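Heads up: the structure comes next, in structure tokens.
Values in this text are rule-based calculations from the coordinates and carry no lab data. Note that the structure is predicted; figures quoted are calculated from it, not measured. Neighbour counts are summed over all protein chains in view; Cβ atoms, including those assigned to glycine, are modelled from backbone coordinates with ideal geometry.
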């Protein structure tokens with residue numbers, strides 16, 4: 001089976017400081033779903049940065065989609081990054097574009113026709129409860145609304161790998177459950193998903209394995225997985 005992510009004895013430090021990640025070795029296969037947990041400062045965001053190519057390891061090797069990132073050329077990065085959807089804690093929405101245009105961006109980059117883009121974006125934004133905010137500028141939206149726009153943008157093109165850093169941190173439990181259903185639907189369509197979260201109720205609502213970081217070291221708790229119940233009709237996500 002092909003590997004989406006492979007870490008081999010990976011260590012990471014910033015500058016001359018101590019290692020924030022130590023001897024990480026694991027593999028993520030296509031269609032897997034993991035929660036990533038750990039106390040603040042345990043290294044969760046650093047691990048995410050390695051997986052979306054924002055950092056290179058200090059030692060060890062990281063491979064994405066079968067490519068060792070140490071051997072990548074600068075021109076290779078955009079192609080690989082288009083296969084990765086990322087939900088950042090700070091959202092990183094484009095302030096000069098509406099909620100609709102922020103979500104539409106990955107589909108426009110892929111060359112999808114505008115008629116199809118309109119259908120997919122409107123359906124997804126309606127499903128995450130933003131049907132009245134499609135033309136809104138990011139600065140006029142609440143933190144929770146901006147977060148849902150960022151999530152919609154990350155999943156709209158069905159990336160092969162989705163990395164979400166505290167994706168439910170600014171929403172209530174009802175919206176959090178709805179977003180988990182969205183991530184699980186994307187996973188059922190074949191996307192490998194990693195969600196970094198402190199939300200214990202989110203974790204307990206399913207039996208996906210848990211990757212736990214403690215002091216920069218990783219352990220993985222495998223739980224007997226079962227399909228999550230889908231109680232609402234999920235949006236048809238756009239395909240590249």
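Per residue, the convex hull around the alpha carbon atoms of the stretch 1-82 comes to 104 Å³. Computed from Cα atoms alone, the Kirkwood hydrodynamic radius reported for the stretch 87-189 is 13.6 Å. Helix 173-188 and the longest principal axis of the Cα set of the chain meet at an angle near 70°. Against the main long axis of the alpha-carbon atoms of the chain, helix 143-155 sits at an angle near 80°.
Ordering 65, 91, 33 from the fewest to the most neighbouring beta carbons within 10 Å gives 65, 91, 33. Calculated on the alpha-carbon coordinates, the convex hull of the chain measures out at 133 cubic angstrom per residue. Maximal additional length on extending the residue 126-residue 201 stretch stands at 24.5 nm, based on 0.36 nm per residue less the C-alpha distance. Once both labels are positioned 7 Å from their Cα atoms along Cα-to-Cβ, the gap between residue 61 and residue 89 label points is 3.2 nm.
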